[in-house]
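**Student:** Structure below; questions to follow.
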């Protein structure tokens, strides 16, 4: 672990675990957002999670949220992002520099481009079953026939058996029962502006529609802090400053 | 010259008018050297089933180095019979000779009886041939004939020094080569691969299951040989020889050297399933060859005592499998590049060829979008002052009111590649909170009106 940011994060997680703020179970991961994590008690790492875009225009936000989840779930593991060529024409291709800005390490990312949904799901299952990865993100277009209940169940099974997080991003999905552990709907949200009126950190309206582990569905507005690789509350304007001040006596 | 033509009294080099005079109903066709060469090449490809060391010999001959290959085809006689039969399937009338050296075999087949020369008897067999078998220049041959040297034996009995003094050193060498005293290897059509295993099948096979079973068998044999040499393969090629002489080769690549048979077999299975033109067995394949085209040193690895699985090997395996199934242009890794043009700065490269790359660029630039449009898509934008961000823009028939904006970030075109107007990039957010990456190409005041484009989407 040469990357200081990663080391810092590992330490932070250990601390959180000691304080009882984070799930102590290795099979769960959290969002890094204290309030939401307290509500949910973490997410199952070895399961299928579904992220859907609120509207067709929120595809990038949904991908962003999914990559955030993947980064939380994967830790130091490799993340595979599988996209369908169709999504690429609609919402552009994954852009490396943007991923770096999103807090992901390009050396630990792999992209797969497939022509149709069938091969996307096959590639996703193969990736999950390899057991070599931290997380698999699959961005699928519209509502293909290939994405049957059976296909989803296979993904969920692969995730459970090889202990790899599977995250399925769907652009337009009809709410249907499926084997997914959680289902989220993501819409872009106005960011907290910087001083000169520039757009701030990416802000998202996150709605939890379904959670099989029981915690109640809810809706939050959160932002992604790429430098800390965690989600945080949008409203806490002083969030950046308080910890710095608080650390000072300890460091002295 | 076919036997039928020879019976009619025709010979090669005869003038067309003479030939017509002798055989009035002669059918004449123009010569097609390219077609002949193509046919010869096809036969050569097919004949590489007998040995990897196969080469064309002039416009009308093939030469095979069958050292160590004959036993696969029932000995030298069996091999020669099969070669003649296969050539017959191509519609060819052939003569064959087998001798200790390529030159001796050539002399025997073109000027002698052909057939198999027992080992060590090359000189005896060649001595009976006419002096033409030496294939010297016509003037030299004439000189030899005039001197009464009508056979190779007569030339062989003279001292070489006298021969070299009269006809040059090259002629003396030529004599030695034809007599099998000097051995020059042939230059094969395809250089032999480091590790080749072959399976000649009694019955042609055509089903996928059979093909994979044979491949499995061959891979087991190849991996034993690779292990003995401390090598691992990076590129494996399977050659399928069809009964009717067509050859199809299928290649798989691995991200790192391996000699793990099942892993490579799985790659072959993926590749065969994903072929655009599927493997057509026709009447079946009667020979399968597995060559390891590229090898690398691969030391035996020690398994951890605590048997912790090696995750990086699993990852490489996954990359190889997906590349085999979807094509290597579909499985990609990021490679940063030192350029400011956004669409060139971060390149996606085939993952089975590239190695993970750390982004070590020092400078800090404004945030980049998660999705990039390549090429950028034009938008209609309305900006207030020059150099100020757009107030609103229209993209895909939807009007966006810009609420927040940052910019411009000016990126000049790479004039050394192709002249391109300067771009001013703005990061904007609309009223709904969606973030876009827009740029204006060109400056106000330039002769050409500046145009607006959307280049990416932020999350």
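The values are calculated or read from the model by the stated rules, or taken from the named source; none is laboratory data. Bear in mind the structure is a predicted one, so any value in this text is a computation, not a measurement. Because the Cβ atoms are built from the backbone with ideal geometry, glycine has one as well, and the counts that use them run over all protein chains shown.
**Student:** Taking the stretch B:281-329, which residues are surrounded by 11 or more Cβ atoms within 10 Å (Cβ to Cβ), modelled with pLDDT of 80 or more, part of a loop (DSSP other than H, G, I, E, B) and assigned by TED's automatic domain parsing to the domain that holds residue B:221?
**Tutor:** Result: B:281, B:282, B:284, B:298.
**Student:** Identify all residues within the stretch A:72-123 that are more than 23 Å from residue A:223 (Cβ to Cβ), more than 10 Å from every other protein chain (Cβ to nearest Cβ) and surrounded by 20 or more Cβ atoms within 10 Å (Cβ to Cβ); write none if there are none.
**Tutor:** Result: A:84, A:117, A:121.
**Student:** I'd like to know if the stretch A:39-57 contains one or more residues that are within 10 Å of another protein chain (Cβ to nearest Cβ) and either buried (at least 24 other Cβ atoms within 10 Å of the Cβ) or over 17 Å from residue A:183 (Cβ atoms) (or both).
**Tutor:** Scanning the stretch A:39-57, I find at least one residue that is within 10 Å of another protein chain (Cβ to nearest Cβ) and either buried (at least 24 other Cβ atoms within 10 Å of the Cβ) or over 17 Å from residue A:183 (Cβ atoms) (or both), so the answer is yes.
**Student:** Of the residues B:193, B:217, only one is surrounded by 15 or more Cβ atoms within 10 Å (Cβ to Cβ), free of Cβ contacts under 8 Å to residues at least 24 places away in the same chain and either within 25 Å of the chain's Cα centre (by Cα) or assigned by TED's automatic domain parsing to the domain that holds residue B:264 (or both); which?
**Tutor:** B:217
**Student:** Continuing with this model, one more query. Need the failing condition index for residue B:343 against (1) assigned to a loop (DSSP other than H, G, I, E, B); (2) closer than 19 Å to residue B:408 by Cα; (3) at pLDDT below 85, just the number.
**Tutor:** With respect to (1) assigned to a loop (DSSP other than H, G, I, E, B); (2) closer than 19 Å to residue B:408 by Cα; (3) at pLDDT below 85, residue B:343 is out only on (1).
**Student:** How many residues are out of contact with any helix residue (DSSP H, G or I) (no Cβ under 9 Å at 6 or more places or on another chain) and closer than 15 Å to residue B:342 by Cα when one looks only at the stretch B:424-435?
**Tutor:** Here the count works out to 3.
**Student:** The conditions are (1) more than 14 Å from chain B (Cβ to nearest Cβ); (2) closer than 24 Å to residue A:60 by Cβ; (3) surrounded by 23 or more Cβ atoms within 10 Å (Cβ to Cβ), and residue A:152 fails exactly one of them. Which is it?
**Tutor:** For residue A:152, the exception is condition (3).
**Student:** For the stretch B:368-395, which residues satisfy the criterion of being closer than 19 Å to residue B:442 by Cα, within 13 Å of another protein chain (Cβ to nearest Cβ) and outside any strand (DSSP E or B)?
**Tutor:** Those that are closer than 19 Å to residue B:442 by Cα, within 13 Å of another protein chain (Cβ to nearest Cβ) and outside any strand (DSSP E or B): B:388, B:389.
**Student:** Looking at the stretch B:449-459, which of the residues that are assigned to a loop (DSSP other than H, G, I, E, B) and in contact with a strand residue (DSSP E or B) (Cβ under 8 Å, 6 or more places away or on another chain) is nearest to the other protein chains (Cβ to nearest Cβ)?
**Tutor:** By that ranking, first place goes to B:459.
**Student:** For the stretch A:92-138, which positions are within 11 Å of residue A:82 (Cβ to Cβ) and in a helix (DSSP H, G or I)?
**Tutor:** If the condition is that a residue be within 11 Å of residue A:82 (Cβ to Cβ) and in a helix (DSSP H, G or I), then A:117, A:119, A:120, A:121, A:122, A:123, A:124, A:125, A:126, A:127, A:128 are the ones that fit.
**Student:** Spot the failing condition for residue B:398; the list is (1) within 10 Å of chain A (Cβ to nearest Cβ); (2) touching a strand residue (DSSP E or B) at 6+ places or on another chain (Cβ under 9 Å); (3) without any contact (Cβ under 8 Å) to a residue 60 or more places away in the chain, and only one is missed.
**Tutor:** Checking residue B:398 against (1) within 10 Å of chain A (Cβ to nearest Cβ); (2) touching a strand residue (DSSP E or B) at 6+ places or on another chain (Cβ under 9 Å); (3) without any contact (Cβ under 8 Å) to a residue 60 or more places away in the chain, the one that fails is (2).
**Student:** Filter the stretch B:44-70 for residues that are under 20 Å from residue B:193 (Cα atoms) and part of a helix (DSSP H, G or I) and give the result.
**Tutor:** Hits for the stretch B:44-70 are B:44, B:45, B:46, B:47, B:70.
**Student:** Identify all residues within the stretch B:437-448 that are more than 14 Å from chain A (Cβ to nearest Cβ) and either under 16 Å from residue B:384 (Cβ atoms) or touching a helix residue (DSSP H, G or I) at 6+ places or on another chain (Cβ under 8 Å) (or both); write none if there are none.
**Tutor:** The answer is B:440, B:443, B:444, B:445.
**Student:** If a residue must be surrounded by 16 or more Cβ atoms within 10 Å (Cβ to Cβ) and more than 7 Å from every other protein chain (Cβ to nearest Cβ), how many such residues does the stretch A:193-209 contain?
**Tutor:** Total meeting the criteria: 7.
**Student:** Does residue B:6 satisfy being more than 24 Å from the chain's Cα centre (by Cα) and under 19 Å from residue B:109 (Cβ atoms)?
**Tutor:** yes
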